[in-house]
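This report refers to the structure that appears directly beneath it.
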Amino acid sequence: MFAASTSSTGLPLPRAGGLLLLPTSRSLLLPRHRHRLRLRDVGAAAAAGGGVSGGGGGAASSREPPRTLFPGGFKRPEIRVPALVLRVGADEALASGDAVVAAVARGVGIVVLEAGEEGGGRVYEAALSLKASVGDRAYLLVAERVDVASAVGASGVVLADDGIPAIVARSMMMKSNSDSIYLPLVARTIRSADTARSATSSEGADFLIIDTGSDDAINVMNGVSGTQHVKIPIFSTLSDSQSEGSYSDNTSRLLQSGASGIVMSLAGIQVLADDIIERDFSKVDTAESVLQANYSSASTLEEADNVMVLTREKAKVAGFTKLDEKVMQLISIEKPILSEAVAVIRKAAPMMEEVELLVDAASRLSEPFLLVTVGEFNSGKSTFINALLGRKYLQEGVVPTTNEIMLLSYSDVDSESAERCERHPDGQYMCYLSAPVLKEMNLVDTPGTNVILQRQQRLTEEYVPRADLILFVLSSDRPLTDSEVGFLQYVQQWKKKVVFVLNKLDLYRNSNELEEATAFIKENARKLLNTEDVTLFPVSSRSALEAKLLYSKNDGREHHGEALFNDPRWRNSKFYDLEHYLLSFLDGSTENGKERVRLKLETPIGIADRLLTSCQRLVKLEYEKAIDDLTSIKDLVSGANNYAVKIEADSDSWQRQISSLIARAKGRAISLMESTLQLSNIDLIFTYTLSGGKSTPTKVTSFFQNDILSPSLDDAANLLSEYSTWLSSTNVREANIYVDCFHERWGALVAQEQRIPPEKNELVNEEEKLCVKALDGFSASAAAKVFEEEIREVAWGTFGGLGVAGLSASLLTSVLTSTLEDLLALALCSAGGFFAISNFPTRRKLAVEKIGKAAEKLSSKVDEAIQQDISRSANQLVHFVETVSKPYQDACQQKIDWLQGVQGELSTVERKLQTLKVEIQNLHES
Ligand SMILES: Nc1nc2c(ncn2[C@@H]2O[C@H](COP(=O)(O)OP(=O)(O)OP(=O)(O)O)[C@@H](O)[C@H]2O)c(=O)[nH]1
């Protein structure tokens, strides 16, 4: 913990100090709750950038699978302070119409839904409605009801002072929304300074809400201010029934007393004038907040960077000074390439949140060297930093002391009073100290990798890629533990230069032990970091610090060089070598000083490299997918051609039914013809012969018409109409399957309006049912007439010229029963007629054949019509599918072309970075 300077300003932070978004955190600030692409989404993401899965010690390794490039995965939402918080009840939320939206538009950053006495259903309804109207423009928190907050996807919960532990609420919400990379916000209401202190335990609430009257709130604020125990922002509730003036006074009073936000009712916010909101909640009155505001509004990397540099200059923050011309030149070459890289990464993977790291690193090119110390808790990181700075700035202890990340940078004013430490709501402390070494080097102290809190793990991990040099502090009593190995693997993915510090050297009893430990660490580090060049310094930070403190002047800044040097504690601490090594980094004339420049210039390139590699994997996967998609779409379209075959097979049974119907009718007609044309029916035959075609239809004809043809024709017509309906509905169903399939599989590619399918009526045009029409020309009465004519033909052709009128029909019929006998009888009756009559069976056969042919003709006409219907339906379907698929095919093709373009851009920028890297490597050799 920050020990010396906190008291100078005191915590919690005063309003002006509560500016949250210093550049460091801003660069990592993400839009609220946007679902962002995580590299896990890239499919092979576990392998992205060399495999994320190996990284992360302690807590990280127990959380699977990795969610981003960072094993810690989760990100803390940022809260802007001073925050204006709206508190609404369920009824009010449901009845408020657009009032809540208006309040958010006026500056409300957090909306708290009070559950009150309402039932769960009502609260859920209200939460849903608030979520819909607030969207991502403000955080929605639900009081008490973790279940409701989870169900509606709220940003978090507000717990009562006697409610469930914050960690339980947070993990309940995380379980129910396992896809989110944002940690849920957990606030707790408090009523006294005591509860404030107990509510701010390490993994406790994100902020506190004092829920008492305004005066009491100020008392509570006073009770907690100036103490180190309350490390999180405190918001104060402003009760209702106040006039505009008193609202205005009270918000100011509360903010001045240290509150980081004000909680108000809807009515209260409505009374609050715009200028008060502007004055109290949008104030940007410090160099850093100006910087923040300007930086946020900058649209390009250069613009943002210029803002950074200009504003920092104004704020007189130390910079990366004494750059020679060549370095300046390289920086000016590097920045546009990095800008290009950022643009192409954003283009290739718009949701890849890690690009912010690159933006940040690029903007810090001209900043002091960033040295990040990592290691397990109790390894002596804080002691090492204190020893380096020559003063006990950081708290040390055998129990974990550094729960938060500390960024130490140089304070422009050369006096202790200017030293200060500000806490950001994302958990990190920004400390401004007057130690000279910080002029050109920023130091970061991180929590122990093995006891790191979930909320800080991601932040610590984000420092790794941004670091110019990583100082890995190992403790002599447990060198290279599992968690250290895990963290080193993560560090290796960013290809960072690591310097090992084997601390607590004094614990070794002899040089053998030290040598053994050194050899062990070096050997493993070589393997883990895939390098021959392992730098390791065995030191005793505690002895070094003690010695330095002993010889430092009261102001803690100067040491009696020689006296210190001769002190055995100092000498035995071997700290000098390490210090010398690090300080040589600050001296541009030394090899290390040159390396510092190289490392600094390479930091953003390293990040860009990794992000570009991930992007390339992502784009390649997308490209392959787009190619697959296009092939699948084309396969589907050509598969539609098989529809004709399929439908033909399916319509087989229909065809068989219709054919057998016609065949049955034909059979019956033929039997009727045969039975009619028997000489035993001589009376009937004579009727035909004699009537000469002028008589009215006989019983046979009407039987043929009414009993055989008409019913068969009706049945056939019904069957064909059913068939036809089946065919069109099958067609429509098939078409729908295609439409649904395209929509389901590739809906995301094509906008709704481009997707409107062609008119499905085309597929069911009733008028064009050929098979139904096939029967149109076939009338039962006409066919019966032909039938009758045929009989008459046969009869007349046989008997017409024989003059058989006198023949006794009755005689013949009574005596003769068979055809053979008929012939014999006729031969007897009329010797001259034998020849004619002998032709009777042939004529009869011809007549029967005619019926058969007529039936077959009808049958094949129907078959033909069915075939035509099938092929027309199939063609229509193919055409339909082609039309429906067109926008999807076009979109796929466009995507393929676009992705090819992006692949080209990624390669180009990567090549430029490689060339630059070579130039940087050669910087000092040339
Ligand atoms: N014997 C010995 N003890 C040391 C040395 N350096 C630090 N310590 C002790 O180790 C303990 C932990 O030191 P810190 O500096 O707080 O360790 P840290 O890594 O910063 O711990 P966290 O902040 O909790 O992560 C303290 O009791 C220190 O006094 C050393 O060189 N020798």
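Tabulated values for the structure
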read-out: Packing-based exposure ordering (other Cβ within 10 Å, fewest first) of Tyr508, Tyr490; value: Tyr508, Tyr490
read-out: Cα gyration tensor category, rounded, prolate or oblate, for segment 99-196 with a/c compared to 1.5; value: rounded
read-out: Cα centroid of segment 460-536 to Cα centroid of segment 852-912, whole Å; value: 62
read-out: Global form of segment 83-272, assessed from the alpha-carbon gyration tensor, a/c cut-off 1.5; value: oblate
read-out: Under-5 Å amide H pairs with Ala435, H placed in peptide plane, nonlocal only; value: Ser411
read-out: Pairwise label distance in nanometres, Asp91 with Glu722, each label 7 Å out on the Cα-Cβ vector; value: 6.5
read-out: Neighbour-count ranking [beta-carbon atoms within 10 angstrom, fewest first] of Ile708, Ile737; value: Ile737, Ile708
read-out: Potential extension, Ser871-Asn706 segment - 0.36 nm per residue separation minus Cα distance; value: 55.9 nm
read-out: Potential lengthening between Ser511 and Glu591 on full extension [0.36 nm per residue; Cα-Cα distance subtracted]; value: 25.8 nm
read-out: FRET efficiency estimate (nearest 0.05) - Cβ-Cβ, Asn572 to Lys347, R0 56 angstrom; value: 0.45
read-out: Extension gain (nm, one decimal) between Gln616 and Asn736, 0.36 nm per residue minus Cα-Cα; value: 39.5 nm
read-out: Charge context of Phe537, other residues only, Cβ under 10 angstrom, K/R +1, D/E -1; value: -1
read-out: Members of Lys548/Lys594; Lys527/Lys574; Lys335/Lys504; Lys495/Lys912 lying beyond 31 Å, as alpha-carbon distances in this model show; value: Lys335/Lys504
read-out: Estimated FRET transfer efficiency when R0 is 60 angstrom, pair Asp240-Glu648 (beta carbons, to 0.05); value: 0.15
read-out: Neighbour-count order for Ser671, Ser265, fewest beta carbons within 10 angstrom listed first; value: Ser671, Ser265
read-out: Point-to-point label distance, His879-Val786, nm (Cα→Cβ direction, 7 Å offset); value: 3.4
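Throughout, read-outs are computed from the coordinates displayed, never taken from laboratory work. Keep in mind the model is a prediction, meaning the values are calculated, not measured. All Cβ positions, glycine included, derive from the backbone under ideal geometry; neighbour counts span all protein chains shown.
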